[in-house]
Amino acid sequence: MRALVREIYISIFEFVRTFGAFQLFFLRLLMHSPTLIVRRPGLVIKQIYNTGALSLVIIMVCGFFVGGVLGLQAYANLAKFNAEDSTGTVVALALIKELGPVITALLFAGRAGTALSSEIGLMKATDQLSAMEMMAINPVRRVLVPRFLGGVIAMPMLVAIFSCVGLFGAHVVVVELLDVDVGAFWQQMRYSIELIDIYEGIYKSIAFGIVISLLAVWEGYNAIPTAEGVGRATTRTVVISAIAVLILDFMITAVML
Amino acid sequence: MVSGDSENLIEIRDLNYSRGARVIFKGLNLTIKRGQITAIMGPSGTGKTTLLRLITRQLIPHRGTILIDGVNIASLNLTQLYKMRRRFGMLFQNGALLTDLNVFENVAFPLREHTELTNRLIRHVVLTKLHAVGLRGAADMVPSELSGGMARRVALARAMVMDPDILIYDEPFVGLDPISMGVIVRLVRRMNDALGITSIVVSHDVAEVSTVADCSYLISGGKVAASGSPDELRTTKSKLVQQFMHGMADGPVAFHYDAPDYAEQLLGRDSE
Amino acid sequence: MQQTRSVEIGTGLFVLLGMSALFFLTTQTTGGGNFSAAETYEVEARFGNVGSLKSRAPVAMSGVTIGRVTSVVFDPDTLEAKVVFVIDSQYDRIPDDSDASILTSGLLGSQYIGLQAGGSDIYLEDGSEILFTQSAIILENLIGKFLVNSGSSNID
């Protein structure tokens with residue numbers, strides 16, 4: 001019994017400690033960010049390329065089909081009320097406010113987050129980070145901050161692209177295949193979508209970008225420097241990112257209502 | 001910084017360090033003389049690499065002091081520490097080359113990070129260093145294309161590129177074929193003498209170390225078990241030193257890991 | 001060097017694509033911004049009931065959007081809803097005796113203001129008020145009336 005209490009005490013203590021360390025880590029990244037962007041923009045650009053440009057294909061393909069299926073579903077159900085003219089509204093609202101940011105975030109965690117974790121974990125396992133330390137180069141600044149910033153900058157772009165391609169997919173399905181009037185589709189959308197809806201999507205994408213990049217970099221940096229440890233860190237990145245994104249999504253939506 | 005007139009470059013006094021419950025060093029004393037090649041030897045798992053990390057303050061000792069040029073490195077702040085580290089060049093066990101850069105950029109890396117040299121000058125310096133390790137022709141290769149020995153030579157060029165005072169080699173001879181090994185041994189000696197730097201070689205490769213080291217320390221059980229020139233070590237009477245130097249299977253470092261009685265365990269009596 | 005160039009080009013294209021996607025979303029999917037840039041003039045009208053008319057709802061004439069509602073407030077003096085809307089300056093010859101009604105686009109669609117041209121020689125200008133208005137049709141009232149009517153017709 002005492003052992004159990006002690007066990008619980010230790011795990012709560014450990015949780016709080018890890019959480020605190022995580023916050024301090026975040027602050028450290030933020031502290032280095034401004035000077036790095038100004039002095040070494042090339043490093044950040046390379047990471048925007050790695051996380052953003054290289055995720056483009058998966059984002060666009062998924063966006064197209066998510067938009068298409070949304071259009072199909074919305075049309076099928078709205079047609080029951082003779083309201084298929086509102087398909088555009090439904091699809092755009094769903095895409096811009098919810099599915100765009102969330103699905104992009106999940107894909108991003110799977111594509112870019114894991115790549116970041118395993119890359120940093122491997123650099124740690126092969127002493128590359130220690131080697132930098134020994135060359136008097138701060139690996140947090142040189143390796144982690146550019147990757148973090150690259151993810152944070154790439155994410156809103158990817159979300160915007162996802163939503164646009166999604167709308168295009170919906171357009172193809174609803175207008176071209178199901179013969180809804182093209183004017184009704186876009187006009188209805190324009191009447192009911194307001195800038196605040198777009199802002200909500202942007203806020204979410206920024207928040208998700210920060211959370212996923214931070215988690216990926218953190219997990220990689222704190223990975224146990226073995227093949228197994230890196231593998232586990234990669235898995236944890238995806239799992240924790242997915243949970244964090246969905247919880248955060250709920251919280252932001254609740255606040256924005 | 002205290003001017004470096006004294007003979008001792010690095011002094012370690014009463015060093016204590018433990019990882020978790022496991023004590024790694026208890027009361028270790030060690031001095032490294034300027035301009036010499038000092039070898040640190042010891043059986044696997046005695047914390048040789050840990051000692052290197054302590055000297056370069058990647059780890060902080062629990063008790064005791066490490067003085068470099070008379071300065072206690074535990075007292076340095078981050079800026080001073082990085083300034084101090086620029087005096088070091090370190091060669092990691094597997095080279096630790098940055099995998100996303102090619103050989104040339106790996107060697108140029110410290111220059112690009114720390115200096116504002118022009119591309120032409122960087123090119124000049126890097127090619128000189130690569131030439132010194134005999135790999136000028138491999139400048140465009142990426143680390144994954146290099147053999148173990150080549151990777152280590154590139155890492156050596158990188159460690160040299162900032163012209164350090166102290167070069168640290170972590171297990172430079174492990175896993176190399178005899179030719180590569182001979183190349184590395186020669187390079188260690190040549191770098192040390194030609195450039196007047198101080199070298200620290202961590203290894204358990206007795207034969208190779210003996211050919212290059214001016215002074216050796218044998219570490220065991222968290223302390224210095226023996227020290228002196230390789231020849232002195234070879235003739236010491238201490239059983240541990242003899243076992244280590246001549247590679248005997250049994251001795252003070254037992255062949256068998258601690259276990260219950262063999263016969264009893266086989267007959268299954270211990271479960272009753 | 002060749003490699004960094006392609007990275008830079010790739011990143012540039014990616015960021016441009018992202019920016020244009022964002023631009024597309026903010027301008028093409030929202031109704032906002034369409035009239036904000038152009039010259040407009042302000043007109044007001046009072047309704048007994050505005051239904052669910054909201055600001056930013058379109059103002060249409062013969063089915064063409066010519067303006068946008070800017071505010072819907074309750075006027076405590078006249079006990080009516082005061083709706084202010086702007087009309088694009090290029091439509092400057094709308095008779096001042098035109099009437100405004102609140103219509104619904106489709107059965108479940110959103111509400112908008114429809115203008116029906118009058119015959120006056122004096123045109124609407126900044127600050128004019130439309131006097132002839134028709135309130136929103138409230139579906140519940142309509143159904144209520146229909147039930148009452150059909151009920152009475154059955155008795156007859």
In region A:204-224, what residues are over 21 Å from A:Pro146 (Cα atoms) and touching a helix residue (DSSP H, G or I) at 6+ places or on another chain (Cβ under 6 Å)? A:Lys204
Please state which one of B:Gly182, B:Gly175 is on the phi > 0 side of the Ramachandran plot and either surrounded by fewer than 22 Cβ atoms within 10 Å (Cβ to Cβ) or part of a strand (DSSP E or B) (or both). B:Gly175
Any idea which of A:Tyr203, A:Tyr191, A:Tyr199 is in contact with a strand residue (DSSP E or B) (Cβ under 7 Å, 6 or more places away or on another chain) and either under 24 Å from A:Ala79 (Cα atoms) or assigned to a helix (DSSP H, G or I) (or both)? A:Tyr191
All strands (runs of 3 or more DSSP E) inside region C:47-156 with 3 or more residues being within 14 Å of chain A (Cβ to nearest Cβ): C:58-61, C:64-75, C:111-116
Output yes when any residue across region A:205-212 is in contact (Cβ under 8 Å) with a residue 24 or more places away in the chain, over 22 Å from A:Ser55 (Cβ atoms), hydroxyl-bearing (Ser, Thr, Tyr) and within 14 Å of chain C (Cβ to nearest Cβ), and no when none is. no
Exactly one condition in (1) modelled with pLDDT under 95; (2) closer than 30 Å to A:Val90 by Cβ is not met by A:Ala136; state its number. (2)
Region A:65-86, residues that are crowded, with 23+ Cβ neighbours inside 10 Å and within 12 Å of another protein chain (Cβ to nearest Cβ): A:Glu84, A:Ser86
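To keep it simple, each residue is scored yes or no on (1) at pLDDT 90 or above; (2) hydroxyl-bearing (Ser, Thr, Tyr); (3) over 16 Å from B:Asn94 (Cα atoms).
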{"position": "B:Ser144", "(1), (2), (3)": "no, yes, no"}
{"position": "B:Gly149", "(1), (2), (3)": "no, no, no"}
{"position": "B:Arg153", "(1), (2), (3)": "no, no, no"}
{"position": "B:Leu176", "(1), (2), (3)": "no, no, no"}
{"position": "B:Gly182", "(1), (2), (3)": "no, no, yes"}
{"position": "B:Arg186", "(1), (2), (3)": "no, no, yes"}
{"position": "B:Asp193", "(1), (2), (3)": "no, no, yes"}
{"position": "B:Gly196", "(1), (2), (3)": "no, no, yes"}
Within region B:81-89, can one find any residue that is more than 10 Å from chain A (Cβ to nearest Cβ) and buried (at least 19 other Cβ atoms within 10 Å of the Cβ)? no
In contact (Cβ under 8 Å) with a residue 40 or more places away in the chain, surrounded by 21 or more Cβ atoms within 10 Å (Cβ to Cβ), within 30 Å of B:Ser210 (Cβ to Cβ) and within 14 Å of another protein chain (Cβ to nearest Cβ): does that describe B:Leu59? no
Search result, residues across region A:87-119 that are more than 10 Å from chain C (Cβ to nearest Cβ) and among the hydroxyl-bearing types (Ser, Thr, Tyr): A:Thr87, A:Thr104, A:Thr114, A:Ser117, A:Ser118
So A:Asp179 clears everything in (1) assigned to a helix (DSSP H, G or I); (2) more than 14 Å from chain C (Cβ to nearest Cβ) except one condition, right? Which one? (1)
If you check every pair at least six apart or on different chains, which have Cβ atoms under 6 Å apart with a residue in region C:57-72 that is free of Cβ contacts under 8 Å to residues at least 24 places away in the same chain first and a residue that is surrounded by fewer than 18 Cβ atoms within 10 Å (Cβ to Cβ) second? C:Ser71/C:Ser55; C:Ser71/C:Val84; C:Val72/C:Ser55
Look at region B:85-95 and say how many of its residues are part of a loop (DSSP other than H, G, I, E, B) and closer than 22 Å to B:Ser180 by Cα. 4
Wholly enclosed helices (runs of 4 or more DSSP H) of region B:212-272 bearing at least 1 residues under 24 Å from B:Pro172 (Cβ atoms) and touching a Gly at 6+ places or on another chain (Cβ under 9 Å): B:239-246
Given the structure, is B:Leu98 in a loop (DSSP other than H, G, I, E, B) and more than 12 Å from chain A (Cβ to nearest Cβ)? no
Failed item in (1) touching a helix residue (DSSP H, G or I) at 6+ places or on another chain (Cβ under 8 Å); (2) modelled with pLDDT of 85 or more, with C:Ile130 passing the rest: (1)
Can you confirm whether B:Thr211 is over 30 Å from B:Gly148 (Cα atoms) and among the β-branched types (Val, Ile, Thr)? no
Pairs returned, first residue in region A:28-49 that is within 11 Å of chain C (Cβ to nearest Cβ), second residue that is outside any helix (DSSP H, G or I) and at pLDDT below 90, beta-carbon separation under 8 angstrom, 6 or more apart or interchain, are none
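The values are calculated or read from the model by the stated rules, or taken from the named source; none is laboratory data. Note that the structure is a prediction, hence the values are computed from the model and not measured. Quick reminder, even Gly has a Cβ in these numbers, built from the backbone with ideal geometry, and neighbours come from all protein chains shown.
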